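Worksheet for the structure shown next.
The values are calculated or read from the model by the stated rules, or taken from the named source; none is laboratory data. Keep in mind it's a predicted model, so treat the numbers as computed, not measured. Cβ coordinates were reconstructed from backbone atoms using ideal geometry, including for glycine residues, and neighbour counts include every protein chain displayed. Accessible surface areas use protein heavy atoms only, side chains included; no ligands, DNA or RNA. Shrake-Rupley method; radii C 1.70, N 1.55, O 1.52, S 1.80 Å.
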Amino acid sequence: MRLLIIGTLDGQIGAASQIAMARGAKVSVAEDVLAGLEILRTHGADLVMIDVKRDIKGLIESLEAERIVVPVVACGIASDASAAVRAIKAGAKEYIPLPPDAELIAAVIAAVTQESHNIVFKDPRMAQTLKLAEQVANSDASIMITGESGTGKELIARFIHKKSRRSEKRFVAVNCAAIPENLLESELFGHEKGAFTGAVARRLGKFEEANGGTLLLDEISEMDVRLQSKLLRVLQEKELDRVGGSQPVKVDVRILATSNRNMEDEIRKGTFREDLYYRLNVVTLALPSLRERPLDIAVLADHFVKRYTEANGLPQRSLSAEVRQMLTRHVWRGNVRELENTMHRAVLLASGNEIGSEAIILSGAPVGTNPDPLVAQAANAAASVIGAGRSALVGKTVAEVERDLIIDTLSHCLGNRTHAANILGISIRTLRNKLKQYSDEGVDVPPPAGGEAERAAI
Ligand SMILES: Nc1ncnc2c1ncn2[C@@H]1O[C@H](COP(=O)(O)OP(=O)(O)OP(=O)(O)O)[C@@H](O)[C@H]1O
Ligand SMILES: [Mg+2]
């Protein structure tokens, strides 16, 4: 994880940077926003931490104008509440009070990147999948990783990179669904100075950042067809054109791609290019759902209990026999992620010597494919809106009802576009187009949630 600090390192921010380094972050420092932007253009970063006294608004505006997608957190003296409010208003995702608290910094870093990339398993189905992954890791072949939501596709992608010849070079992930269409091209291929209004300097894209290493194109089915053609060319020619560039740039990148849609269906519908699919899909790794590997449930549950107990500084507790049974019987539609969320909650709720059933909150049978707590909550909320207010709908146009449903679902998902689209049963692209339309019409649209790299989206 690469952290860019904008500010001076003497004093408290220096202490914060040391904590981040101790947690494995690679830290670079820029004295001011201009120098920081230069680092972002040429090297990129996973997280920016900026001194609240610097020009946060200016930084956020430049990032938007230059189409650079990176989360920004501000830090400053704890007692200065107005500075914190200003920072958040200017577009910072979080405010870290100084002097720095090691736990808080660790939590922020963990929220931005997944610190632990260990793959835990016991079931032979998973052992087999990992063996196949290891066999193909060392080639340069493109790999398509498929599987239901939350099955561990990104984790497997990192595993393949780690086991490959490229492991010393960078692993770079781009979520094609979370980045708005108009930004994705710049994000992938970079741009030249003057390529568009706001392009004040050259910026290298993720392909160039990943040069020599591995690029994960996450949720590739969400990429629009025009960009798919450009991607296909890059894969064929091993060179790319930065946006607004006139000279092709050579790149050597191994591509991994994930999708939780059925790609053959997408091809039939004409939303995904068949030729690109065959290029990407030299090998397919199909991750089994948690239902198909029941022996993994208990070991994963223990693993998450340990991890979240440690992260929260709580006393170690084991799962009661009753809980173990509950967990193996439950249908984990949200797969490992749902199990992880359930265990995280259980660790926080438990009180006795062991974690008993009172600490386990299982989602019922939520709508859609992604029943993590947020989604379940939003599904229930959306259902109650419809149930309670059916008669209130009379007199409204279909467009108005659709708009209200979309906005309500989105606010219940705390702005998370991916979750909201899942519940609504529409693509993220459709959701985004609708939101753009509403926002143009002057409707208040909930801002994107933390973790979704789409600050620049509406
Ligand atoms: N075998 C495993 N061992 C330990 N942790 C796991 C395992 N599989 C998944 N996880 C954890 O579960 C969560 C979901 O995994 P990941 O993000 O890789 O899934 P995904 O398939 O990419 O999900 P999505 O489709 O929602 O993008 C992560 O926090 C990951 O660390
Ligand atoms: Mg993923």
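Okay, residues lined up against (1) open to solvent by less than 10 Å² (accessible area, probe 1.4 Å); (2) within 24 Å of the chain's Cα centre (by Cα); (3) closer than 22 Å to LEU37 by Cα:
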{"residue": "ARG166", "(1), (2), (3)": "no, yes, no"}
{"residue": "VAL174", "(1), (2), (3)": "yes, yes, yes"}
{"residue": "HIS191", "(1), (2), (3)": "yes, yes, yes"}
{"residue": "ALA195", "(1), (2), (3)": "no, no, yes"}
{"residue": "PRO248", "(1), (2), (3)": "no, no, no"}
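Every residue in region 197-230 that is under 20 Å from MET263 (Cα atoms), away from ligand 2 (no atom under 16 Å from the Cβ) and open to solvent by less than 10 Å² (accessible area, probe 1.4 Å), please.
Residues satisfying the conditions are LEU227, GLN228.
Could you list all residues from region 329-351 that are over 22 Å from ALA107 (Cβ atoms), modelled with pLDDT of 90 or more and open to solvent by 60 Å² or more (accessible area, probe 1.4 Å)?
ARG329, VAL331
May I ask you to list pairs of residues, at least six apart or on different chains, whose Cβ atoms are under 6 Å apart, with the first in region 283-300 being assigned to a loop (DSSP other than H, G, I, E, B) and the second being more than 16 Å from ligand 2 (Cβ to nearest atom) and open to solvent by less than 40 Å² (accessible area, probe 1.4 Å)?
ARG293/ASP123; ARG293/MET126
Go through region 231-260 and give me each residue that's within 16 Å of ligand 2 (Cβ to nearest atom) and touching a Leu at 6+ places or on another chain (Cβ under 8 Å).
Passing the criteria: ILE255, LEU256, ALA257, THR258.
Just the residues that are acidic (Asp, Glu) and either part of a loop (DSSP other than H, G, I, E, B) or within 16 Å of ligand 1 (Cβ to nearest atom) (or both), please, taken from region 160-202.
GLU168, GLU192 - these are the residues of region 160-202 that are acidic (Asp, Glu) and either part of a loop (DSSP other than H, G, I, E, B) or within 16 Å of ligand 1 (Cβ to nearest atom) (or both).
Looking at region 427-435, is at least one residue at pLDDT below 50, part of a helix (DSSP H, G or I) and in contact with a helix residue (DSSP H, G or I) (Cβ under 9 Å, 6 or more places away or on another chain)?
no
Hey, does region 40-62 have a residue that's among the polar types (S, T, N, Q), under 17 Å from ILE96 (Cα atoms) and open to solvent by 40 Å² or more (accessible area, probe 1.4 Å)?
No, because not a single residue in region 40-62 is among the polar types (S, T, N, Q), under 17 Å from ILE96 (Cα atoms) and open to solvent by 40 Å² or more (accessible area, probe 1.4 Å).
Only one residue in ALA157, ALA133 is touching a residue at least 40 places away in the same chain (Cβ under 8 Å), in a helix (DSSP H, G or I) and within 11 Å of ligand 2 (Cβ to nearest atom). Which one?
ALA157
Do the conditions hold for GLU264, that is, is it assigned to a helix (DSSP H, G or I), of a type in the set (D, E, K, R) and free of Cβ contacts under 8 Å to residues at least 60 places away in the same chain?
yes
Can you tell me how many residues in region 179-189 are open to solvent by 40 Å² or more (accessible area, probe 1.4 Å) and of a type in the set (Asp, Glu)?
Count: 1.
Need the failing condition index for VAL367 against (1) part of a helix (DSSP H, G or I); (2) modelled with pLDDT under 80; (3) among the hydrophobic types (A, V, I, L, M, F, W, C); (4) open to solvent by 60 Å² or more (accessible area, probe 1.4 Å), just the number.
Answer for VAL367: the failing condition is (1).
Per-residue answers, yes or no, for (1) within 16 Å of ligand 1 (Cβ to nearest atom); (2) out of contact with any helix residue (DSSP H, G or I) (no Cβ under 8 Å at 6 or more places or on another chain):
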residue	(1), (2)
GLY244	no, yes
ASP252	no, yes
ASN260	yes, no
MET263	yes, no
ILE267	no, no
ARG273	no, no
TYR277	no, no
ASN281	no, no
